[in-house]
Amino acid sequence: MNIHEYQAKALLKGYGAPVAEGVAILKADEAEAAAKSLPGPLYVVKSQIHAGGRGKGKFKELGPDAKGGVRLAFSIDEAKAHAKEMLGNTLVTAQTGEAGKQVNRLYIEDGADIARELYCSLLVDRSVGRVAFVVSTEGGMDIEAVAHDTPEKIQTIAIDPEAGVTAADIAAISKALELDGAAGEDAKSLFPLLYKAFNEKDMALLEINPLIVMKDGHLRVLDAKMSFDGNALFRHDDVKALRDETEEDAKEIEASKWDLAYVALDGNIGCMVNGAGLAMATMDIIKLYGKEPANFCDVGGGAGKEKVAAAFKIITADPKVEGILVNIFGGIMRCDVIAEGVVAAVQEVGLKVPLVVRLEGTNVELGKKILNESGLAITAADDLDDAAKKIVAAIEA
């Protein structure tokens with residue numbers, strides 16, 4: 001689960017991190033009061049969407065010459081004008097895809113005198129099985145280019161979970177970021193509290209880009225991105241309350257209610273599979289035959305008839321889907337249960353696109369019998385290769 005920048009900063013502020021004053025708004029007419037509540041005279045008006053690259057993004061409705069999704073305002077009137085222009089429009093960034101995301105809220109923040117921009121993130125480094133700081137002196141909007149062109153400028157410092165962030169770790173991070181003076185002193189408190197927040201809130205990612213050194217020498221968190229482990233949200237009602245469903249795909253929200261592993265994609269062949277590895281293989285073979293998957297959908301190993309039916313209905317609700325491939329290898333998951341769920345779903349919502357089903361494993365003959373006797377237009381497949389060929393041929397016919 002992701003949250004907005006202003007929410008992430010509020011969470012970090014609760015841990016003692018240095019963040020600027022700011023106010024989130026939902027309506028353009030709230031901009032004046034928000035700006036007046038800040039010290040000024042420089043304000044930053046930031047689009048709040050769950051995607052990076054906002055500063056370099058472009059609004060669909062405003063033309064190529066319009067400013068991006070993060071704007072400086074040198075007066076309250078300018079902050080008001082930015083808010084009026086940005087709210088309700090669609091921001092397209094490198095991470096949103098061409099569809100973009102509608103800006104439904106803004107964060108108006110007090111400006112900062114920036115001397116240097118740095119990059120700092122925390123994530124789980126699976127190569128060593130530890131939470132690690134990933135840092136670079138090359139912070140700001142071009143960190144992706146740094147990672148691609150000059151990866152040596154990005155350093156990783158893994159943290160021993162038993163010791164926590166030690167003085168040696170702080171020294172290593174500070175050296176990598178070239179911190180000294182007041183910034184070096186701030187580092188002694190900032191990096192341990194970031195690590196504490198990451199662990200206590202079960203984050204999957206905490207990214208501060210940029211972490212700035214201000215002209216007075218002190219550190220400040222200028223931007224913050226957080227992603228949380230969905231499997232641990234039951235422990236964090238305060239984090240769950242920050243969820244903004246308007247930023248999420250409606251199909252993914254519905255899938256989460258059924259505990260389905262579902263990710264919407266841009267293709268035209270819907271996939272329903274049991275097991276993440278089999279799902280990845282299914283998507284790969286669809287691409288091999290020249291088409292694109294419309295989703296990743298793993299119903300899991302112990303799904304019942306109702307869960308299978310729910311998954312099928314979610315897939316068919318996608319208007320981009322021109323064909324559906326069900327690929328099940330029955331181990332714990334029985335093929336007859338899959339067949340019953342598919343039949344129930346088709347009988348309820350109808351079948352307007354080709355459907356190919358490949359079943360193998362536990363109760364496979366019973367599953368095939370249920371499908372064959374359903375009277376529905378379902379094409380059976382012998383194996384995964386046969387299934388992929390048949391669904392591609394069906395939508396090309």
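The residue list G129, G140 contains one member that is assigned by TED's automatic domain parsing to the domain that holds I208 and surrounded by 16 or more Cβ atoms within 10 Å (Cβ to Cβ), which is G140.
Within the range 343-370, the residues that satisfy the criterion of being over 11 Å from K313 (Cα atoms), in a loop (DSSP other than H, G, I, E, B) and within 35 Å of the chain's Cα centre (by Cα) are K352, V353, P354. The residues in the range 320-355 that are more than 18 Å from L376 (Cα to Cα), surrounded by fewer than 21 Cβ atoms within 10 Å (Cβ to Cβ) and among the β-branched types (V, I, T) can be counted, and the count is 2.
Could you tell me whether any residue of the range 42-62 is more than 28 Å from L177 (Cβ to Cβ) and among the basic types (K, R)? Looking for residues that are more than 28 Å from L177 (Cβ to Cβ) and among the basic types (K, R), one finds at least one in the range 42-62, hence yes.
Among the residues making up the range 32-62, a single one is of a type in the set (F, W, Y) and under 26 Å from the mean Cα position of the chain (by Cα): F59. Can you tell me which residue within the range 47-87, out of those that are touching a strand residue (DSSP E or B) at 6+ places or on another chain (Cβ under 8 Å), among the charged types (D, E, K, R) and under 15 Å from G140 (Cα atoms), is modelled with the highest pLDDT? Checked the range 47-87; the qualifying residue modelled with the highest pLDDT is R71. Restricting to the range 72-86, name every residue that is within 17 Å of L38 (Cβ to Cβ) and out of contact with any Phe, Trp or Tyr (no Cβ under 9 Å at 6 or more places or on another chain). Result: D77, K80, A81, A83. Among the residues in the range 287-309, are any within 29 Å of K369 (Cβ to Cβ) and touching a residue at least 60 places away in the same chain (Cβ under 8 Å)? Within the range 287-309, one or more residues are within 29 Å of K369 (Cβ to Cβ) and touching a residue at least 60 places away in the same chain (Cβ under 8 Å). Scanning the range 164-178 for residues that are touching a Pro at 6+ places or on another chain (Cβ under 8 Å) and charged (D, E, K, R) yields a count of 0.
Here is the figure for the range 100-118: residues that are assigned to a loop (DSSP other than H, G, I, E, B) and under 22 Å from K27 (Cβ atoms) total 4.
Listed residues Y15, Y43; which is at pLDDT 95 or above, among the hydroxyl-bearing types (S, T, Y), surrounded by 14 or more Cβ atoms within 10 Å (Cβ to Cβ) and closer than 24 Å to A241 by Cβ?
It is Y15.
Of all the residues that make up the range 378-395, how many are exposed (fewer than 14 other Cβ atoms within 10 Å of the Cβ) and touching a helix residue (DSSP H, G or I) at 6+ places or on another chain (Cβ under 9 Å)? Within the range 378-395, residues that are exposed (fewer than 14 other Cβ atoms within 10 Å of the Cβ) and touching a helix residue (DSSP H, G or I) at 6+ places or on another chain (Cβ under 9 Å) number 1.
Residues in the range 198-206: is at least one out of contact with any Cys (no Cβ under 7 Å at 6 or more places or on another chain), in contact (Cβ under 8 Å) with a residue 40 or more places away in the chain, assigned to a helix (DSSP H, G or I) and crowded, with 16+ Cβ neighbours inside 10 Å?
Yes; the residues of the range 198-206 include at least one that is out of contact with any Cys (no Cβ under 7 Å at 6 or more places or on another chain), in contact (Cβ under 8 Å) with a residue 40 or more places away in the chain, assigned to a helix (DSSP H, G or I) and crowded, with 16+ Cβ neighbours inside 10 Å.
For the range 138-154, filtered to residues that are in contact (Cβ under 8 Å) with a residue 60 or more places away in the chain and assigned to a loop (DSSP other than H, G, I, E, B), the residue that is farthest from T93 (Cα to Cα) is G139. For the list (1) more than 21 Å from G375 (Cβ to Cβ); (2) surrounded by 19 or more Cβ atoms within 10 Å (Cβ to Cβ); (3) at pLDDT 85 or above, I need the number of the one condition that A317 fails. Condition not satisfied by A317: (2). The single condition from (1) hydrophobic (A, V, I, L, M, F, W, C); (2) part of a strand (DSSP E or B); (3) more than 17 Å from E254 (Cα to Cα); (4) under 31 Å from the mean Cα position of the chain (by Cα) that A380 fails is (4).
The values are calculated or read from the model by the stated rules, or taken from the named source; none is laboratory data. Worth saying up front: this structure is predicted, and the values here are computed from it rather than measured. Reconstructed Cβ throughout: ideal geometry from the backbone, glycine too, with neighbour counts over all protein chains shown.
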